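For reference, the structure is listed below as structure tokens.
None of the figures in this text is laboratory data; all of them are computed from the coordinates on show. These numbers come from a predicted model, not from an experiment. Cβ: placed from backbone, ideal geometry, glycine included. Neighbour counts: every protein chain shown.
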Amino acid sequence: MKKWYSIICLGLLFLTCGPTEKVIKIGLVAPLTGDVKTFGESTRNGFTIAIDEANAQGGINGDSIKIYIADDRNDPTEARNAGSKLLNQDGVKLIIGSVSSKCSIPLSEVCQSSSAVMITPTSTNPKVTVNDDNTRKDYIFRACFIDPFQGMVAAKFAIDNLKAKTTAILYDVGNDYVKGLAEFFRDNFLKMGGKTIIYESYTKDDVDFSALLTKVKRANPDILYVPDYYNKVGLIAKQARQLGIKAVMMGGDGWDSPDMLKIAGDAINGGYFTNHYWLDDPRPEVQSWVNKYKSKFGSNPDALATLAYDATTLLLEAIHAAKSSKPAEVRNALQNFKGLNTVSGSISFDATGNPIKNIVIMKYSKTGQEFVVQMKPE
């Protein structure tokens, strides 16, 4: 009697519960609070759209996706802790993030040591995907171009298009992204025949730049290059114009934020910056993306949202191609991608996990951002 009772119970349990559904765990690390929280919000928006689309289509290879989101507050220690929690407590082995290079570098170290795949949407410092000895972190990738390319393009545009001969460079000494981009721009500007006459640093907490900008005014450069994030650039731009500095301002992709004009006002008008895509690009991938983002959030997607969508799409395509969510197999699929179309362009990965892709020059005006030119890797 007990034997038959046990068999009946097991049968009822199987019929009631059925087979266990397989779930793919994907994590996001981004600054949802802190000094660049708009970057984190845009990144989360792009990430969730890609995940929602995949789940609405039945998941990947029939498996649904469960997301885990962690806030790093744009702090390197918090980024490392967020990655450790996702990996060790939540069991996540596939991670999108982080946003700033100073956070993605420690996050990449945690992910690499755990053999977990990480794709940063927007961190452009070369050290994200390579160690200090330039060996490859083979589980780490990015959806954006890197700073040596960005710095070279900015210098070339300044020399060839703006006919600049001199530049002043101001940078945050404690930020890997800002410091690295300043160096790459400076070195390329020199190689192309220009001269850097001011090269000065400040710290993250500085808000009064009058002493530095007084030096800039006396030097009277053609270009004032400030490769920082929009919140700091906005303050510097306002103070520069108040002092009567006439130099053309230039910077990097950290300038791309809907809050730039709110902070800088007219002071940023005429400023140029390197970026990853532009809204009016006629490619169908771009226009489809812009429309779906606007319908969901009521605003245009900035580069942060776009690259987060692209990074997440890359990860999902790799899982699909590998027919597996095992990190090693997903990593191999990513590395083998050739000419995969994304919103920000066609992507093929080089030997160090960096995409080979185009770059655009944008300009701020009273009405917002204007597309200037697109440039290809040489």
Label-to-label distance, nm, for residues given as GLN57 and ASP266 (7 Å Cα→Cβ offset): 4.8 nm
Nonlocal amide H pairs with VAL130, under 5 Å, H built at 1.01 Å: LYS137
Inter-site label distance for VAL23 and LYS296 at 7 Å from Cα along Cβ, in nm: 2.0 nm
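Quick one: LYS179, LYS204, LYS156, fewest Cβ neighbours within 10 Å first, how do they rank? Numbers along the way, then the final one.
Details: LYS179 20, LYS204 14, LYS156 17.
Sorted ascending by nearby Cβ count, the order is LYS204, LYS156, LYS179.
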Length added when fully stretched, LYS215-ASP350, from 0.36 nm per residue minus Cα-Cα: 44.5 nm
Most mobile of THR124, THR38, THR167 in a GNM of the chain (Cα contacts under 10 Å): THR38
Listed residues LEU243, ILE24, ALA168: farthest to the positive end of the dipole of the chain (Cβ charges): ILE24
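Might you report the magnitude of the Cβ-based charge dipole of the range 230-361 about its Cα centre, with Lys and Arg at +1 and Asp and Glu at -1, to the nearest 20 debye? Before the final figure, lay out each step's value.
Values: 14 positive and 12 negative charges, 36 e Å.
Taking the Cα centre of the range 230-361 as origin, the dipole is about 180 debye.
What is the fewest-to-most order of THR342, THR306 by other Cβ atoms lying within 10 Å of their Cβ?
Details: THR342 23, THR306 31.
Exposure proxy ranking, most exposed first: THR342, THR306.
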Positive-end residue, the chain charge dipole about Cα centroid, Cβ charges, pick of ALA267, CYS144, GLY194: CYS144
Cα gyration tensor shape of the range 170-228, rounded if a/c is under 1.5, else prolate or oblate by comparing a/b with b/c: oblate
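Dipole magnitude of the chain about its Cα centre, charges +1 at Lys/Arg Cβ and -1 at Asp/Glu Cβ only, in debye to the nearest 20? Please list the in-between numbers first.
On the way: 44 positive and 41 negative charges, 39 e Å.
Roughly 180 debye, rounded to the nearest 20.
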Inter-probe distance in nm under a simple model that places probes 7 Å from Cα toward Cβ, at GLN89 and ARG283: 3.9 nm
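List SER84, SER295 from most exposed to least, where exposure is judged by having the fewest other Cβ atoms within 10 Å.
Details: SER84 15, SER295 8.
With the sparsest Cβ surroundings first, the list reads SER295, SER84.
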Candidates ASN188, ASN81, ASN336: whichever shows maximal mean-square fluctuation once the chain is modelled as a Gaussian network with Cα springs under 10 Å: ASN336
In sequence order, calculated HN-Hα J values of the range 174-191 (Karplus, 6.51, -1.76, 1.60; Hz; x Gly/Pro): x, 10, 4, 5, 5, 4, x, 5, 4, 5, 5, 5, 4, 5, 6, 4, 5, 4
Whole-Hz couplings from phi, Karplus 6.51/-1.76/1.60, listed for the range 215-230; x for Gly and Pro: 4, 5, 4, 5, 6, 6, x, 6, 10, 10, 9, 10, x, 9, 7, 3
Magnitude of the charge dipole, the range 321-367, Cβ model with Lys/Arg +1 and Asp/Glu -1, debye to 20: 160 debye
Dipole of the chain, positive direction: furthest Cα of ALA303, LEU315, GLY368, with charges on the beta-carbon: LEU315
Distant-in-sequence amide H partners of TYR68 (H built 1.01 Å from N, under 5 Å): ILE26, GLY27, LEU28
Theoretical FRET efficiency, 1/(1+(r/R0)^6), r = Cβ-Cβ of LYS326 and MET192, R0 51 Å, to 0.05: 0.65
Structure-derived Cα Rg over 2.2 N^0.38 Å: which label, when the choices are [x] 1.17; [y] 1.02; [z] 1.09: [z]
Within a Gaussian network of the chain (alpha carbon springs, distance under 10 Å), most fluctuating of PRO221, PRO258, PRO282: PRO282
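DSSP loop chymotrypsin sites (Phe, Trp or Tyr not before Pro) in the range 90-177 with at most 10 other Cβ atoms within 10 Å of their Cβ, which ones? Walk me through the intermediate numbers first.
Details: sites: TYR139, PHE141, PHE145, PHE149, PHE157, TYR171, TYR177; in loops: TYR139, PHE145.
Taking the range 90-177 and a limit of 10 other Cβ atoms within 10 Å, no loop chymotrypsin sites (Phe, Trp or Tyr not before Pro) are found.
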